[in-house]
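Below is one structure, written out as C-alpha cells; the observations come after it.
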Amino acid sequence: MNNKTGFRRKLIASAVASCALTGGYAQAQEQAMLEEVVVRGVRAAQETAVNIKRDADAVVDAISAEDIGKLPDATISDSLQRIPGIQIRRSAGEGSSVNIRGLPQVITQLNGEQYLGANSVVSTQPNFGDIPSQLFKGADVYKSAIARLGNTGITGTIDLKTYRPFDFDEGLTLAGGVEAQYGTETEKTDPFINGLINWQNEDVGFMLAASYANVNLSNSYNGINTGSPGDAGWTSRFADTAVGQEDLGRRYVGSQGFSAWNQVTERERLGVNSSFQADLGEGFIFTADWFYTDQDEYNRKVGMSATNKWQGDNWFVPTQERATGTTIDGGEFYSWQSAELSPKRLKSFTQNDVFESSSNNLNLQLDYDNGGAFTGSFRAVMGEAERKKRHGYNEGDLTNGTTTGINPYTWSINDDPTSEGYVALDDRRPPGFFPASYCEAGDLVLGDQGGCFKTINPLGYSENPQITYDTTTEHPTWSGFDRPLAGGLGSGATIADYMANLDSYNVGAFSSENNENSEGSLQAFSLKGNYRFDEGFITSVDVGIRSSQRTAEFERYNLFSPFYENGCEAQWKATDVQLHAGPCQEGEMVTGTLNGYEIEDSFVGYTVLPYVGLNEYNNAIWVTDFGPVNGIPGMWAVDPADYDDPEAFHNRVFGSTSKHVIPGSTFDVDMDELSYFAQANFEAGGFQGNLGVRVVETELVVKQNIAGPQKDYGNTNVDTGDLVTRRDYTDVLPTLNLGYWFNDSLVLRFAYGENMVPLDLNQYGDGLTLNTTIDTEAGSPTQGQFIVSGGSLAGNPGLDPWRSTNYDLSVEWYTGAASVLSAAIFKVEIDSFTESTTVQMPQPDADGVIRREVPITTLVQGEGGTLEGAELAAKIAFGDFMDGFIGNFGIDTNYTYSPSEGSGDDIFGEKNLFPDNSEHQFNLTTWYQGDKFQARIAYNYRSERLAALGGGAWGALNLYQEAAAYVDVSASYDITEAITLYASGSNVTGEYENYYLGFEDQYAFQNYYEPRYTMGVRARF
C-alpha cells in the first residue's frame, strides 16, 4: 500500500470508528468526508495544509481557509508569506506582489490552470492586490516542477483554489460575514461584506460567492523625490559641494529634491466566484467556473517638496557627513546625514494616480473517472483583463519666479550668440510674457501687438529659502521655517508665513502624464489523461497536450492642451513654458527696455500658464499631515480628489485635451505556446515519485512603436512607425520528483527540474523613452530649453526567456495529524535572465539636432546567477501530543536562508544579490483554539533586500530596503455553532520601510503604513 495513502486512510478510519460507536457507520462516513473538505478553525486549517504537503508528489506547501470566507490574513499575499521561502511586497500596507525563493518569475494558476489577473497583464509576477481573499478555500505552492502541472515558474507555482458546489454538503449552504475596518491614520471606518450560497443534490450543484470592500489606507513617504512628473523622477547623481565652495574632492549623493507626503489610497474592490457542477453519469463530471474581479483605486497624495528645479545638485551643504573610503567619479564619496538646503522652489504638490482594473476568467472542464484504469480531463480557459491608469498632478508654487533662474528664451541685439555685440539677458525676474487680452494697467507693454510682461505670483518669495534637513532621527526632521524670507509679504515675513498665506501660492504646473491603457487576453486548451497499472514498478502514466495564446496591448500617453489661437499644444501647462521653439510658436516681436537692456525686434513666445491662484480652479485644503516627519508647518495644497477624473478636469480648465501616445512605451505582444508532456509515476517499496518531460514550443510576435524627435513643449516623442519582430524557440524541460518513505511518518524527497518562464511582456515590447532637463549653460544654443539628458530602452524582443535548473532535497517528519517538522536545501542555477545596464547613445534634442551622447538604461542578457539556501519549518499542534489546556495551543514557524549571487559587482567590488531577494526570512505564528474561542499572533521578519541595482539614474550605488518585521493578530468567539464574532489587527506595531543608498547611513526614503483593525461577524448555515 502507498505509505502516505495508508496514513490518510488510518485518519479517516479512526474518525469512522469513533463515530460508529456513537451514531452508526453512515453518519461516521459522512463526517469523515466532511472533514476532508470543510475546515473550521486554525487547527483544522493547519491540519489541511499538513495533509496537502504529505500527499503531494512534489515539494509543496499550502495554506487553507479557517472557515468559509476566511483565509488567515487580510490578503492572499499576507497569508502566503507564512510559507517558507515566500517573500512579498506591500502596496498601501496590504500584501501585493509575491516572490518565491527570491525571484518574481512565478506562475499563478486558478484551480490548476493559468490565471490572468488585472495586475499581471504584462508581467508574470503574481500581484494579488485586486483579488479578495475571501473567495478562496486555500492555495498550494509548488516549489518543484511536475511535468503534468502544465506551466510552471522558475522557483515556484501558486495554485489558487476556489470553492465548488460538490465541496459542500447536500442541500443548501449559506455563509457570510460583515465587518468594519479602521485605520489609525485615516481614522475612517470602512465597510466589508462577503457571502456564499451553495446548493447541490449530488447530481447537480450551483454556487455563488461574492465579496465587496471599500477601504481607505494611509501610506506616507519622505525622502528623495521619487518620480512625480513635476520633479523629473530619480536624478541621484554624485555632486561636488555647494555652488561657490572650493571643490575638495568630495562626492555626495545629490538629488533634484526632497519631499514628504501623505497618501490615502481608496480601494473599492468587488470579487465574484460562480461555479456549476453536474454529474453526467458514466464517470463524467462537468464543471463551469467564472471568476470576476473589479477594483477602482484612487491614490490621493498631497505633500511638500523642496526642489532645485532640475538645475544641478549643488544646492545643499552637508553639515553631518562621513568619509566612506570609497572613490566615485574621481573623488572620495561621503555619506551625509544632515544638510542645509537652498531650494529654488518650496512648493506643495498634489497627485492622484487612479487605477481601474478588472478581470474575467472562465473555466469549462470535463473530468472522466469511471473507477477504471483510465481517467482524463479536458479544459478550456478564457481570460480577459484590463487595467487603466489616469494621472493628475498640480504644483502650488511659492516663488514669484525670481529664484528659478530659468532663461526660457534669449533676447539679443543680434542673432549671433558668438558675436561681440551679443547680449544675453539674465532672466531673473518675475514676469511672463502674455498677449494683450491678458494685460492690465501697470503691466510692461513691449510687444508689437500689445503683448506685456506680467508678474506671476506677486505675493510669493523672491530669494531661495534656507531649510535644514536632518535624517539622524527615527523620521527626518525639517527646520528653519522661522527664518525670514524676502518677497511679496514684506520685511520680517518668515518661510512659515508664506506657507500659511493662501494668496502667496500660484499654480506652477498642471499635468496629466504617463496615463496607461493595458488589455490582455488568455486562451488555453488542455487535454490530459492518466492510465493506472494494477501492478509493476510504474503505477501510472500521465500524458497531455496544451495550447495557449496570450496577447497584451499596452499604451502609455500624455495629455496635451491647446493654448492661444494657432493650435499650439503643451504637455506641461506651466509658468516656465514659453511657446517660442519649434514649428509651433505663438508670441510677438518685442522692442524696448527690460532689466536695463535694450531689446530690438526679438521674438518672445507667450508664457503658457499665467498667474493662477491655487483655488481658482481647484479646492484648496490646509495640510498639516506629512506623515511621521517632524517640523513641517502647515501648507496650502489642492485637494487630490479634484483629480479623480484628471481628463475631465483638464477639459474643463483648458477647453479640451488631446491624447499623445508615448511610442517608446506603447507595444503589442502575441505569445503562442504549444506544450506536451509525458510523465511516469512509480512506486517500489518505500520509493515513490515521478519522472517526466515537458516540451514547450513558443512563437512570439512583438510590435514596437518607433520614437522619433520630441514634440514641442513636452517630452513626448513623435511616433514614426512600427517595428515588428517575430521569433520562436523550443524548450525541453525534464523533471524528476523522488520520495523515500522510511515509514508512515518520515519521508526524504529529492527533486530535479528544468524550467522556463517568458519575460514580462514589456521587457519584449518597450522601446526608447527619453528624459529631459533644462539647459542652464550660459551661451548654449538651447539655453533655457528642455534638452535630452538620458533615457531608457526597456524592451528587447531578442532577449531569451528566463531559464533555470533547480535542485531540491528535503526531509519531512509527520508527527501528528496537524504536525510536521521539515528541512530542505535548494539550489537554483539561473541559466538565462535579464539585467539592466547603461550605455552612451547619441540622441537628438527637441529640435531634432544631435548634440551629445546621453546615458541610456537598457536590458541585456545576463551572464547567469545562482540562488541557493535552506528552509526549516515546524507546524506543531500540541493537541497531537497532550491533552488539557496546553493541547489547545499550536505553532507554525519557519526560517529561510537564501543567499544569492547575481550579475555584476556593487561599489565594494562584491557580487550583487538578485534584486528583491532577502537572505533571511523568519515566520512565527502561535495560536490557541478552544471550544469557542481562538486567537492567533503572527510575526514575519525579512532581512534587507536589494530594491534596485545602481546604474543610470541611480549612479553607482544600489538601493536597499532595511530589514522589516510585521506583527498581525486575530481572535474569534463562537456565539453559537453558526455565528462567530471576530477581531483582527494588521501591522499592529506600526512597522515601516527604510531605504538607503549603498551605505546604511546614506538615507534615501521611508514608506510608512498605518496599523489597521477589524471587527466583524461571520455566520454559516
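The values are calculated or read from the model by the stated rules, or taken from the named source; none is laboratory data. Bear in mind that the values here come from a model prediction, so they are computed numbers and not experimental data. Virtual Cβ from ideal backbone geometry, glycine too; neighbours counted across all protein chains shown.
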Flag for Val623 being at pLDDT below 95, among the β-branched types (Val, Ile, Thr) and under 23 Å from Asp503 (Cβ atoms): no
Phe742 - would you say it is surrounded by fewer than 20 Cβ atoms within 10 Å (Cβ to Cβ), at pLDDT 90 or above and either farther than 30 Å from Thr307 by Cβ or within 25 Å of the chain's Cα centre (by Cα) (or both)? yes
Residue in segment 323-335 that is under 30 Å from Glu513 (Cβ atoms) and either part of a strand (DSSP E or B) or out of contact with any Cys (no Cβ under 8 Å at 6 or more places or on another chain) (or both) present: no
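Identify all residues within segment 102-142 that are touching a Leu at 6+ places or on another chain (Cβ under 6 Å) and either outside any strand (DSSP E or B) or over 30 Å from Val178 (Cβ atoms) (or both); write none if there are none.
Start the filter on segment 102-142 by keeping residues that are touching a Leu at 6+ places or on another chain (Cβ under 6 Å), which leaves 102, 110, 116, 122, 133, 136, 139.
Passing the criteria: Gly102, Leu116, Val122, Ser133.
Give the number of residues within segment 956-986 that are over 20 Å from the mean Cα position of the chain (by Cα) and more than 17 Å from Ser943 (Cβ to Cβ).
20
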Which number in (1) at pLDDT 95 or above; (2) buried (at least 22 other Cβ atoms within 10 Å of the Cβ) marks the one condition that Asp279 misses? (2)
Any hit, segment 355-378, residues being crowded, with 22+ Cβ neighbours inside 10 Å, within 30 Å of Val653 (Cα to Cα) and within 33 Å of the chain's Cα centre (by Cα): yes
Selection over segment 901-914 where residues are surrounded by 20 or more Cβ atoms within 10 Å (Cβ to Cβ) and within 18 Å of Gly85 (Cβ to Cβ) yields a count of 3
First in segment 909-927 and over 20 Å from Gly862 (Cα atoms), second anywhere and part of a strand (DSSP E or B) and small (Gly, Ala, Ser), Cβ under 6 Å, 6 or more apart: Thr925/Ala938; Trp927/Gly890
In segment 511-536, anything crowded, with 18+ Cβ neighbours inside 10 Å and farther than 30 Å from Ser658 by Cα is listed as Leu522, Ala524, Ser526, Lys528, Asn530
Of all residues in segment 508-528, count the ones that are at pLDDT below 95 and of a type in the set (A, V, I, L, M). 1
Looking at segment 408-430, can you tell me whether even one residue there is out of contact with any Asp or Glu (no Cβ under 6 Å at 6 or more places or on another chain) and modelled with pLDDT of 90 or more? no
Out of segment 92-101, which residues are in contact (Cβ under 8 Å) with a residue 60 or more places away in the chain, outside any loop (DSSP other than H, G, I, E, B) and over 25 Å from Tyr764 (Cβ atoms)? Glu94
Within segment 996-1021, can you find the residues that are part of a strand (DSSP E or B) and in contact with a Gly (Cβ under 7 Å, 6 or more places away or on another chain)? Tyr1003, Ala1004, Phe1005, Gln1006, Tyr1008, Tyr1009, Arg1012, Tyr1013, Gly1016, Val1017, Arg1018, Ala1019
Residue list for segment 969-1021, restricted to those being touching a residue at least 12 places away in the same chain (Cβ under 8 Å) and among the charged types (D, E, K, R): Asp974, Glu991, Glu993, Glu1000, Asp1001, Glu1010, Arg1012, Arg1018, Arg1020
Report, by residue number, each residue of segment 929-958 that is more than 17 Å from Arg82 (Cα to Cα), assigned to a strand (DSSP E or B) and modelled with pLDDT of 85 or more. Gln929, Phe933, Gln934, Arg945, Leu946, Ala947
Enumerate the pairs (first residue in segment 444-467 and free of Cβ contacts under 8 Å to residues at least 60 places away in the same chain; second residue anywhere and of a type in the set (Phe, Trp, Tyr) and in a loop (DSSP other than H, G, I, E, B)) with beta-carbon separation below 7 Å, excluding pairs fewer than 6 apart on the same chain, so at least 6 apart or on different chains. none
Considering only residues that are assigned to a strand (DSSP E or B) and surrounded by 18 or more Cβ atoms within 10 Å (Cβ to Cβ), look in segment 476-493 and name the one that is modelled with the lowest pLDDT. Gly487
Identify the residue in segment 616-638 that is β-branched (Val, Ile, Thr) and part of a strand (DSSP E or B) and, among all such residues, is surrounded by the fewest Cβ atoms within 10 Å (Cβ to Cβ). Ile621
